[in-house]
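What follows is a set of notes on a single structure, which appears directly below.
The values are calculated or read from the model by the stated rules, or taken from the named source; none is laboratory data. None of these values were measured; they are calculated from a predicted model. Positions of Cβ are generated from backbone atoms using ideal geometry, with glycine treated the same way; all protein chains shown enter the neighbour counts. All accessible areas refer to the heavy atoms of the entire protein, side chains included, with ligands and DNA or RNA removed. Shrake-Rupley method; radii C 1.70, N 1.55, O 1.52, S 1.80 Å.
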Amino acid sequence: MAFFDELGKKAKDVAGVVAVKAKDAAEIVSEKAKDAADSAKISMEIMSEQRELEKNYKAIGEWFVSEYEGETPDAVKDVLAAVNASKAHIAELEAAKAAKDAEEETECQSAADQQAVCPVCGSKSEGKFCPECGAPMHP
């Protein structure tokens, strides 16, 4: 009987050590997670401030261009030319995108026009049978 009592006591001791180690590990993981969250929060704040800075620089640049229109200093003429070229390129890309969207819409419309009409319920479908009532479709 002493053997089982001794075995139970050792099991309790081991369980206590395991519990302490698990608690220590949980504290370390929690601390690391908090550090990572703090780091991510700081990174987000930095990015937010950088966006704000870029927005303010953009506002200054737009003001400068509008204020000194026609009498732009030589130092910024190349930059202004690049800005105007970018604006023109954006306009071209937007026009190409609008044309492509219109073309895709026309293709979708013609595909919809090619669908057969069910003679029973009037639903449109490309299949051989109506998805609504199951009647055979006739093109």
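Side notes on the structure shown:
- Dipole check for the chain: with +1 at the C-beta of Lys and Arg, -1 at the C-beta of Asp and Glu, and the Cα centre as origin, the magnitude is about 1020 Debye.
- Taken one residue at a time, the phi angles of segment 121-129 give Karplus couplings (6.51, -1.76, 1.60, θ = phi - 60°) of 10, x, 6, 9, 7, 9, x, 7, 10 Hz. Gly and Pro are set to x.
- Of Ala102, Ser30, Val18, farthest towards positive along the dipole that unit charges on Lys, Arg, Asp, Glu beta carbons give segment 1-134: Val18
- Over the chain, dividing the summed -39,500 (n - 2.57) contributions of all DSSP H runs of at least 4 residues by the number of residues returns a 222 nm mean residue ellipticity of -28500 deg cm²/dmol.
- On Cα atoms only, tilt of 2-67 relative to the major axis of the chain in degrees: 30
- Solvent-accessible area, 1.4 Å probe, carbon plus sulfur percent, for the chain: 60
- Classified by the C-alpha gyration tensor, segment 51-108 has a prolate form. Its axis ratio a/c, with a ≥ b ≥ c, is 1.5 or above, and a/b is larger than b/c.
- Entry for Rg/Rh (Cα atoms, Kirkwood Rh) (calculated from the structure that is shown) out of (1) 1.04; (2) 0.94; (3) 1.45: (3)
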